[in-house]
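In what follows, a structure is listed as structure tokens, so that the remarks can point back to it.
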Amino acid sequence: MNIFEQRKEKEMKIAQSMSKIKYLLAVGSGKGGVGKSTVSANLAISLAKLGFRVGLADVDIYGPSVPTLFNIENEEVVGQEIDGKLSFHPIERFGIKLMSIGFFVDSTKALMWRGPMASNTVIQMLSETLWGELDYLIFDMPPGTGDIQLTLSHDFKLSGAVFVSTPQQLAVSDVRRAVNMFKNEGVNVPVLGLVENMAYFTPKELPNNKYYLFGKGGTENLAKELDIELLEQIPISEDISEANDSGNPISLIVDSLEGNSFLSLARKINEKLNNNIK
């Protein structure tokens, strides 16, 4: 099989695997540690609470977090041979279909893969997963502007991207580069907006108070500079950290401050996509 035939086969596999999915949504960040995976997980749960069929693909190949966030680190992925080819059933939790590179690698060892190997692994995982019919498939991206971002934007027809930042200037500077990459005419993926995570702290005994532990206005100013929307400001809280560690994301808690913020984010993203991202 020559290179053109290989390329055609890959395109067909991707198209077939994504054929029953309405929206492909990337959640990215400029740097690690800003809570991108937390936002991805809670956005998936919030969209499911709104009645949508949702999948979450963890393509953060060097730091997969979905198995921990959903307490499925010890789950085994079930394979099925279809037409002589092996496919995989996603693991379902809280009504969401989940797949992660973390299911296929040793979590105690560092991955030492060059770009092409990492990209091909992501394509293989996504195209060999039996996603079925979904309204949303969310990609929890690696931080930065590397090979995985280029691969997904080039080989998959992304409906849009959301970028997560914290208020600090360092995080804002990094997310600026990530947004500009996706807005580049060579990539040209619609950027739906920014999410500011760890935006403020509100004590439970003082629900009307906001304390800006990491500064204020950084992400809001960047949104204005780039002419995109600041979709939501997610508060920082001990409850989010405890929920992450327990494998029960905060959005499962009814009427929590944090859960309501994620639900608001889900509504805004759905409205943008259904209104062709105006």
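The values are calculated or read from the model by the stated rules, or taken from the named source; none is laboratory data. Nothing here was measured: the structure is a model prediction, and the numbers come from that model. Virtual Cβ from ideal backbone geometry, glycine too; neighbours counted across all protein chains shown.
Before moving on, here are some points about what is shown:
- Among the conditions (1) closer than 14 Å to Thr166 by Cβ; (2) buried (at least 18 other Cβ atoms within 10 Å of the Cβ), Phe201 misses just one, which is (2).
- Residue, farthest from the chain's Cα centre (by Cα), within segment 233-253, restricted to residues that are under 15 Å from Leu263 (Cβ atoms) and of a type outside the set (Gly, Ala, Ser): Ile253
For (1) surrounded by fewer than 24 Cβ atoms within 10 Å (Cβ to Cβ); (2) under 12 Å from the mean Cα position of the chain (by Cα), each residue gets a yes or a no:
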position	(1), (2)
Glu9	yes, no
Ser17	yes, no
Lys20	yes, no
Gly28	no, yes
Ser40	no, yes
Ala44	no, yes
Val59	no, yes
Tyr62	yes, no
Ser65	yes, yes
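- Selection count, segment 177-188, where residues are touching a Gly at 6+ places or on another chain (Cβ under 7 Å) and either small (Gly, Ala, Ser) or crowded, with 17+ Cβ neighbours inside 10 Å (or both): 1
- Within segment 193-245, the residues that satisfy the criterion of being part of a loop (DSSP other than H, G, I, E, B), free of Cβ contacts under 8 Å to residues at least 60 places away in the same chain and among the aliphatic types (A, V, I, L, M) are Ala199, Leu206, Leu213, Ile228.
- For Leu222, the conditions (1) touching a helix residue (DSSP H, G or I) at 6+ places or on another chain (Cβ under 8 Å); (2) over 28 Å from Gln149 (Cβ atoms) are fulfilled apart from (2).
- Of all residues in segment 153-171, those satisfying the criterion of being surrounded by fewer than 24 Cβ atoms within 10 Å (Cβ to Cβ) and assigned to a helix (DSSP H, G or I) are Ser153, His154, Asp155, Gln169, Leu170.
- Strands (runs of 3 or more DSSP E) fully within segment 29-142 counting 1 or more residues that are in contact (Cβ under 8 Å) with a residue 24 or more places away in the chain and of a type in the set (Ser, Thr, Tyr): 85-89, 96-100, 134-140
- Hey, Val189 assigned to a strand (DSSP E or B), modelled with pLDDT of 90 or more and not hydroxyl-bearing (Ser, Thr, Tyr) or not: no
- For segment 246-257, a residue qualifies if it is modelled with pLDDT of 90 or more and not in a loop (DSSP other than H, G, I, E, B), and the qualifying residues are Ser246, Ile250, Ser251, Leu252.
- Residue match in segment 260-277 (condition: part of a strand (DSSP E or B) and either under 18 Å from the mean Cα position of the chain (by Cα) or crowded, with 18+ Cβ neighbours inside 10 Å (or both)): no
- Asn2 being modelled with pLDDT under 95, of a type outside the set (A, V, I, L, M) and either closer than 20 Å to Leu192 by Cβ or exposed (fewer than 12 other Cβ atoms within 10 Å of the Cβ) (or both): yes
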